[in-house]
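As structure tokens, the structure follows; a few thoughts come after it.
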Amino acid sequence: MSECIVITSGKGGVGKTTTSANLSVSLAMMGHKVAVVDADIGLRNLDVILGLENRIVYDLVHVIEGECRLKQALIRDKRLENLFLLPAAQTRDKSAVNPDQMRKLVEQLKAEFDYVVIDCPAGIEQGFKNSIAGADKAIIVTTPEVSAIRDADRIIGLVEAAELPEPRLIINRFRQKMVDRGDMLNKDDILEILAIPLIGVVPDHEDIIVSANRGAPVAFDDTSVVGEAYRRIARRVSGEADVPFVALQPVGFWENVKRWMGLSAKAGV
Amino acid sequence: MTLPAEKIPPSGGALLLHALDGVLVLELDPSASFEALRQAVRDTFSASPDRFRGMDARLDLRARTIELFDLRRLIHVLKDEFGVTATGLYCTPENLQRYAERELKLRIWTRRAMDLDEPPTEDEPAQPTAPAAKAEASPAEPSPSSAPKTDDEVLECEGDAEEAAPAEPMGRRTLCIDRGLRSGQVVRYSGDVLVYGDVNPGAEIIAVGNVHVFGALKGTVHAGARGDESAIILSFDLRAPQLRIGRKIAFPAARPATNVRYGHAPEIAWVNGAEITIEPYAGRLPRNPGQS
Ligand SMILES: Nc1ncnc2c1ncn2[C@@H]1O[C@H](COP(=O)(O)OP(=O)(O)OP(=O)(O)O)[C@@H](O)[C@H]1O
Ligand SMILES: [Mg+2]
């Protein structure tokens, strides 16, 4: 039974593309056959994050307009033979595609793949509507900021109205130290508002930026705590129950001493 | 005098002409200035000056607020320059109230006849109907039909100005929503609204009657949206940054955070004289809501 999962957020820049790339890589590393679709037409960057930008010949709009076959547009990953990218067009915009066309495309992909992951553009307009059209499930990405949470709430409402069952939540760019200082909303504050199941908490971490620049998603990195966070999200997505959450930057010994001595104000920013 | 529909001249700019039940209706662009409106009237009617002479017409203000003084000037231009007699007006209840207050030089509190346990009487002010339009929002004055939203976001949209109010049904109309409301979701209703869930920041309820939230209220609520200041707002956890009842508006101070869900006692907001009072719900309605 294959499944199409849309990664969406409402607010821009909260980590949809990062999540799409890493979730796809993690699912593929588990042995699933995965297609990840960049639905951010006009602002594509999933290809860069995956390090596949030089291999793009055809894109999603070409497929939809019948200029090439789906198989021709899919780009196989360099590292994982069961991971494929369907890139977005960079020279077109969201209106080049409509929800019906997306639905058909997703049907075609689902016939071939175990998981179809859709990287949704920011906003609630055409690009969002296209992205959710063919999806079976939605994962909502937010950061622990009031504005991002407000937008996530809006998106959840729209996703529910579109009758996608039970959207799940990823909290991205989480900083335990800031939460400890009372400078960041904690998990429970966020869940109280959004009231949907939490499927992962991803720490704010420089590994993400380093790996994005290298074109090798952090999920490939066995030693990275963020990579581990994504691999565990993938296990939960694929139905594994009771996957424990990664420890989020445990407070170190010296931190404790400093805090105890009342010196912690600027510690660990 | 009646007017067949096909005789409507092309109209443009700040003025739209159409016929309703054979009567000429002048629809005024809500965003145009008075000067622009007057100019539009002159342009439109002077194109064929004798065509409308002797006719009756109604003005449709949509949601615009126009000063009584300017309204009269417009009516004079129609009569004196083009021989058209204004015989009717479509406007929002808020506008109606403003004009009545201006004329009578009295503050007016409207209430529903049924709240007084009396049958509606002849001089009960009839709610005007605005057939041509769901009124647009005028930014300063919230109205029951404010903020045009796309359809899929409006969960329940009833009781806009279209609805004829004089024949209030027996008993109060109630809308129960058996879940929470999320950011961007809007509920409009011509009676009371009950929500079994949280009303999140960015969600909006506009009710002609009371609003009860059996959960945390963090979004925007306008109770008594047609001007009924005897309406109340009640919530298990009242944390809205802003409340509106009738024409009153309150900005409750932020509540201290609690780590207990619904950590605050149920509270009720009501119009106590000149302002909205928020107080613990004592198991009954406050006395004399809406009166000083
Ligand atoms: N957990 C994280 N830690 C550090 N940086 C992060 C994290 N997640 C995302 N970022 C950074 O935030 C930026 C935005 O991420 P990304 O492009 O994934 O967001 P997006 O939601 O897809 O944005 P858009 O709405 O523009 O499509 C990137 O520079 C990325 O490297
Ligand atoms: Mg993106």
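The values are calculated or read from the model by the stated rules, or taken from the named source; none is laboratory data. Since the structure is predicted, the reported quantities are computational estimates derived from the model, not experimental observations. Note that we place each Cβ from the backbone using ideal geometry, even for glycine, and neighbour counts take in every protein chain shown. Just so you know, the surface numbers come from the protein's heavy atoms only, side chains and all, with ligands and any DNA or RNA stripped out. Shrake-Rupley method; radii C 1.70, N 1.55, O 1.52, S 1.80 Å.
Scanning the stretch B:48-63 for residues that are surrounded by fewer than 21 Cβ atoms within 10 Å (Cβ to Cβ) and farther than 15 Å from B:VAL77 by Cβ yields B:SER48, B:ASP50, B:ARG51, B:GLY54, B:ASP56, B:ARG58.
Of all residues assigned to the stretch A:91-112, at least one qualifies as being open to solvent by less than 70 Å² (accessible area, probe 1.4 Å) and within 16 Å of ligand 1 (Cβ to nearest atom).
Anything in the stretch A:28-42 that is under 19 Å from A:PRO99 (Cβ atoms) and within 16 Å of ligand 1 (Cβ to nearest atom)? List them, or say none.
Result: A:VAL37, A:ASP38, A:ALA39, A:ASP40, A:ILE41, A:GLY42.
Is it the case, given these coordinates, that A:SER20 is more than 14 Å from chain B (Cβ to nearest Cβ), of a type in the set (S, T, N, Q) and away from ligand 2 (no atom under 16 Å from the Cβ)? Spelling it out, it is not the case that A:SER20 is more than 14 Å from chain B (Cβ to nearest Cβ), of a type in the set (S, T, N, Q) and away from ligand 2 (no atom under 16 Å from the Cβ). Of all residues in the stretch B:185-205, those that are open to solvent by 10 Å² or more (accessible area, probe 1.4 Å), under 22 Å from the mean Cα position of the chain (by Cα) and either on the phi > 0 side of the Ramachandran plot or more than 14 Å from every other protein chain (Cβ to nearest Cβ) (or both) total 6. From A:ALA122, A:ALA148, grab the single residue that is part of a loop (DSSP other than H, G, I, E, B), within 16 Å of ligand 2 (Cβ to nearest atom) and of a type outside the set (Ser, Thr, Tyr). None of the other options fit; the residue is A:ALA122. If you go through the stretch A:191-211 and keep only what is assigned to a helix (DSSP H, G or I) and either away from ligand 2 (no atom under 16 Å from the Cβ) or crowded, with 21+ Cβ neighbours inside 10 Å (or both), you end up with A:LEU191, A:GLU192, A:ILE193, A:LEU194, A:GLU206, A:ASP207, A:ILE208, A:VAL210, A:SER211.
Pairs linking a residue in the stretch A:9-20 that is over 11 Å from A:THR143 (Cβ atoms) and in a loop (DSSP other than H, G, I, E, B) to a residue that is more than 8 Å from ligand 2 (Cβ to nearest atom) and among the aromatic types (Phe, Trp, Tyr), with Cβ atoms under 9 Å and 6 or more positions apart or on different chains, are A:GLY10/A:PHE128.
Any residue that is at pLDDT below 80 and hydroxyl-bearing (Ser, Thr, Tyr) - is there at least one of those in the stretch B:87-107? No: zero hits. Within the stretch A:1-20, being of a type in the set (Gly, Ala, Ser) and within 8 Å of ligand 1 (Cβ to nearest atom) holds for A:SER9, A:GLY12, A:GLY13, A:GLY15, A:SER20.
Counting only residues that are over 20 Å from B:GLY273 (Cα atoms), give me the strands (runs of 3 or more DSSP E) lying completely in the stretch B:167-246 with at least 2 of them.
Hits in the stretch B:167-246: B:174-177, B:186-189, B:192-195, B:204-207, B:211-217, B:232-238.
Scan the stretch A:6-17 residue by residue and report those that are more than 10 Å from ligand 2 (Cβ to nearest atom) and surrounded by fewer than 22 Cβ atoms within 10 Å (Cβ to Cβ). Across the stretch A:6-17, the qualifying residue is only A:LYS11.
Step by step: first the residues of the stretch A:175-197, then only those that are out of contact with any Lys or Arg (no Cβ under 7 Å at 6 or more places or on another chain) and aliphatic (A, V, I, L, M), then the one that is farthest from the other protein chains (Cβ to nearest Cβ). Which residue is that? Among them, the one singled out is A:MET178. Only residues that are in a loop (DSSP other than H, G, I, E, B) and surrounded by 18 or more Cβ atoms within 10 Å (Cβ to Cβ) were counted across the stretch A:26-44, and they come to 5.
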